[in-house]
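Please treat every number below as a calculation from the coordinates, not as lab data. Everything quoted here is computed from the prediction, not taken from an experiment. A quick note on method: Cβ atoms are made from the backbone with ideal geometry, for glycine too, and the neighbour counts reach across all protein chains shown.
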Amino acid sequence: MKKYRIPALLLALVLVLMTTACATASVKVELQADQLGDLAGLFGGAALPAAETPAPTTPTAPTAAPSTQPSSSEASSSAPASDAPVSEKTSDVTPSQAPASETPASQAPANAAPSTKEEIITYYVTAYNKMATDAKTFTRTYDYTSNYKDIVEVNNNAVLERLAKTLMDQFMKETTTELAGDINSIPPVGVNTLSISPAQIGTATCTDNGGTYVITLTSTGTDDSPEEDCQPGQGSAGVIGLLLRTEDVASSAPMIKFEGLHARYPTGKVVATIDKASGHITNLEYENPCILHFDSVSAVVKISNANLGLLFQQKWTIGY
């Protein structure tokens, strides 16, 4: 059974919280520089698989960069924030209970841009599922985890929060080194055959760029009403992109006791560039926020009511 890799950065962040809390309690906790470097070096993106190989050095033909700006040719719509778990998964993902009929069956004609929410979702799902059978290469070209909206809350202590944020920022580096993956590396991680109902999507837009369509899908969660504890291929955030599963967080740090651990997801999005002639996705961009909440974290000392805001961003190029 394939294991999901937990970002080492997250474990480092928990250690940062413990270190800052210990500092105010006059408890000395030593973290060697080489240990911190190892933690940061292991981090390769949210929920990426453990096996990673360098990307091929053969130049890849440039593709049109996804655009997220609305235009007159965009079609958009919105839906209620209800989520229905739907997807066919690999052995790591809980089998879906939703009927296959939930995925819109109709697709816009090849010579016309999808315009309704149902047509846009269907077009995206069809292109996404083609990757498993048609794609030859999957290359991550960009990876960055940053602090989402400066959310760093530790014991309601402003001094601790400033120190924790300063230490966090030292670990958060943009990565532009190309990294080769496979179909299981593409978010939602581990979902090779995707199925999405309109109720799982907040907005769906399509821009006609001549030889390509740029499709943008957003999740239904908001800052005021985030989704909680999603699984890949399920809910809304689970079909949009990158997730940080709470069970993986807990298992990555068995020496730390977590209580009331939750991963909360505000609005995320995926932007796909799709070649009209072939129906193939050539580029994918993900921007997915997550607020990791702890009722308490206990190791040397106990931290209560902690929140860490994380924003996962990735870009992928797909070759055929």
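Report, to two decimal places, the Cα Rg of the range 180-320 normalised by 2.2 N^0.38 Å (N = number of residues). Present the calculation step by step, with values, prior to reporting the outcome.
On the way: Rg = 17.1 Å, N = 141, 2.2 N^0.38 = 14.4 Å.
Its radius of gyration relative to the 2.2 N^0.38 Å reference: 1.19.
Label point of T222 set 7 angstrom out along Cα-Cβ; within the range 174-210, amide nitrogens under 19 Å from it belong to 199-205.
Count neighbours as other Cβ atoms within 10 Å of each site's Cβ, and list the trypsin sites (Lys or Arg not before Pro) in the range 231-316 that are DSSP loop with at most 12 such neighbours.
Details: sites: R245, K257, R264, K269, K276, K302, K315; in loops: R245, K276.
Taking the range 231-316 and a limit of 12 other Cβ atoms within 10 Å, no loop trypsin sites (Lys or Arg not before Pro) are found.
Each principal axis of the range 149-228 carries a Cα extent, and these read 51, 35, 28 Å when sorted largest first.
For the set K136/K165; K269/K302; K136/K276; K149/K257; K130/K315; K257/K315, the pairs lying more than 29 angstrom apart at their alpha carbons are K136/K165; K269/K302; K257/K315.
How high is the FRET efficiency between S252 and Y320 when r is their beta carbon distance and R₀ equals 41 Å, given to the nearest 0.05?
Values: r = 35 Å, r/R0 = 0.86.
Given R0 = 41 Å and the Cβ-Cβ separation, E is 0.70.
Close amide-amide hydrogen proximity is noted between E227 and G221, T222, Y265, each under 5 Å apart and 5 or more residues distant or on a separate chain (H modeled in the peptide plane; Pro and chain starts excluded).
Listed values for the range 238-252 are Karplus-derived 3J(HN,Hα) couplings in whole Hz (6.51 cos²θ - 1.76 cosθ + 1.60, θ = phi - 60°), namely x, 9, 8, x, 6, 10, 10, 7, 5, 5, 6, 4, 5, 6, 6, and x replaces Gly and Pro.
About its Cα centre, the dipole of the range 132-277 is roughly 160 debye, where the only charges are +1 on Lys and Arg Cβ and -1 on Asp and Glu Cβ.
Given R₀ = 51 Å, FRET efficiency for R162-T137 by Cβ-Cβ distance, to 0.05?
Once the sixth-power term is evaluated, E becomes 0.70.
Annotation: amide H-H contacts under 5 Å for K173 (H modelled 1.01 Å from N, sequence separation of 5 or more, or interchain): T145.
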